[in-house]
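To start, the structure under review is shown below, and the notes come after it.
The values are calculated or read from the model by the stated rules, or taken from the named source; none is laboratory data. Owing to the predicted nature of the structure, the values given are computational and were not obtained by experimental measurement. Glycine gets a Cβ as well: all are built from the backbone with ideal geometry, and neighbour counts include every protein chain shown. All accessible areas refer to the heavy atoms of the entire protein, side chains included, with ligands and DNA or RNA removed. Shrake-Rupley method; radii C 1.70, N 1.55, O 1.52, S 1.80 Å.
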Amino acid sequence: MTDMLDANRSPLQTATDEATTAPTIPTQRVQPAPAPADAPDAAEHGAPVVPTQSAPARRDRSRTAPAPIVPTQRVAAPAVLTPPTAPLESPTAPAPQTVAAPARTRRPVRRLALVTASVAALVGALGGGLVVNAQADARAAELARAQGRVAATLDGAQQDEVFQGATQERAVLAATSTVHDAAYTRASAVLAQAAAVLAATPQAGDAPRAQLQASIDSVSAAVTADQVNPAAIDTLAAGLAAPQKAATEAQAAWQAAEDARIAAEKAAAEKAAAEAAAAAARRSTAPRTSRAAAPSAGAAGAAAAPAAVGIPAGGLVCRGAGGSGSESSVGAIGEAINSYRASQGLPTLSVNRSGNLVQHAITMSTAGGIWHSGGDNIVGCSNGGLSSLMSGWKNSPGHNAQMLRTDVSTMYVGGATGAGFLFGAVLFK
């Protein structure tokens, strides 16, 4: 601790005491012993003081006991001192230099620097971690926002796709509905035309009319069910063309036959009228020597006798008839026609008395001939009663077709008798 020599001690003793003092371990800090009260202040004499190592405690002046040795210090071997060869210096001479303890001032500084660096590194690491965490949080937030934007964009695109799909579906449905409605409109028009043809061909015959009716029913059922596609409806509607053509041709054939019949009847009536006129002329000029023979009775339409007064041109003479007439039972004529229809599998018609037709039948009975008044379908006369009149109508194709019509529900009848003949006139509606 001090470079000063005690005035009461020799240099040799001082050197011995310093030599026996064990050096301290640099890495271990020894707590300094309290200095004696009478020890001189080292700072007053300019001796250097080691900050990190304390000097060994001074021995007592009595030198009765050596200084204690720190167990962890390594004890150096005592130095061998040789007696000084030079004379002793005076007390005033400078004291010999003692061996100073090794300096340890740099190690605490290094330790402090290491601790400071460690703390700085730890603080830097913590700060860097906080910065990294903040940056990670910022990136995560930005990623979440980006994902939200992407999700919103995808959701909008999906909604647009759904809207476009719905729009396209509505367009397809509208187009399909338009095509469907157009097909049903065409089918309805074809059905109306077929029904008109059926109504206009009452004499076409049972087979053509039945086929046309079946085709109409089939197309009508498909249109009403609303479960057939437009192409199938058009196909069914096109199938009505053939039955319509067949019914129209059958009606035309019947009309041609009826026209031929009427023409033949008219020609026969004109011929009979001419012959009757010639015979009357001959009778008027020839002497009356004998009584004319009575005309023979004939069936309806078998007119060969001279025409009576009041029969219009084109009418037929009922030989043996004429002179007077009165109304007959119209119910019997209607019942006979319905019985005939039932035998042919047709429904019966309601029977109504017609005053006009009754008057026309009386007029024909008085004139002794038959002709159409314009308000009837069939007329006839017979001197064989109702059964003979029905036979004449059945044997005439035109009259027979009228009695077997399927497009009517009512018949209007007029009848009269005179001179043993039955006259009938019927209108079917």
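Checked against the criterion of being more than 27 Å from the chain's Cα centre (by Cα), free of Cβ contacts under 8 Å to residues at least 12 places away in the same chain and surrounded by 10 or more Cβ atoms within 10 Å (Cβ to Cβ), the candidates Leu130, Leu154, Leu191 yield just one match: Leu130.
Against the test of being modelled with pLDDT of 80 or more and either on the phi < 0 side of the Ramachandran plot or out of contact with any strand residue (DSSP E or B) (no Cβ under 7 Å at 6 or more places or on another chain) (or both), the options Leu81, Leu126, Leu143 yield a single qualifying residue, Leu143.
Each row is one residue, and each column tells you yes or no for (1) among the charged types (D, E, K, R); (2) under 28 Å from Ala250 (Cβ atoms).
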site	(1), (2)
Ser324	no, no
Ser343	no, yes
Arg353	yes, no
Cys381	no, no
Leu389	no, yes
Val408	no, yes
Tyr412	no, yes
Gly420	no, no
Phe423	no, no
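Inspection of the range 359-369 finds no residue satisfying the criterion of being crowded, with 24+ Cβ neighbours inside 10 Å, outside any helix (DSSP H, G or I) and at pLDDT 95 or above.
In the range 370-388, is there at least one residue being open to solvent by 10 Å² or more (accessible area, probe 1.4 Å), in contact with a helix residue (DSSP H, G or I) (Cβ under 9 Å, 6 or more places away or on another chain) and in a helix (DSSP H, G or I)? Yes, the range 370-388 contains at least one residue that is open to solvent by 10 Å² or more (accessible area, probe 1.4 Å), in contact with a helix residue (DSSP H, G or I) (Cβ under 9 Å, 6 or more places away or on another chain) and in a helix (DSSP H, G or I). Consider the range 307-346 and keep the residues that are closer than 14 Å to Met390 by Cα and polar (S, T, N, Q). The one that is surrounded by the most Cβ atoms within 10 Å (Cβ to Cβ) is Asn338.
Filtering the range 396-407 for residues that are touching a residue at least 24 places away in the same chain (Cβ under 8 Å), open to solvent by less than 60 Å² (accessible area, probe 1.4 Å), touching an Asp or Glu at 6+ places or on another chain (Cβ under 7 Å) and under 30 Å from Ala195 (Cα atoms) leaves a non-empty set. Against the test of being in a helix (DSSP H, G or I), under 30 Å from Ala231 (Cβ atoms), modelled with pLDDT under 75 and among the small types (Gly, Ala, Ser), the options Ala174, Ala166, Ala182 yield a single qualifying residue, Ala174.
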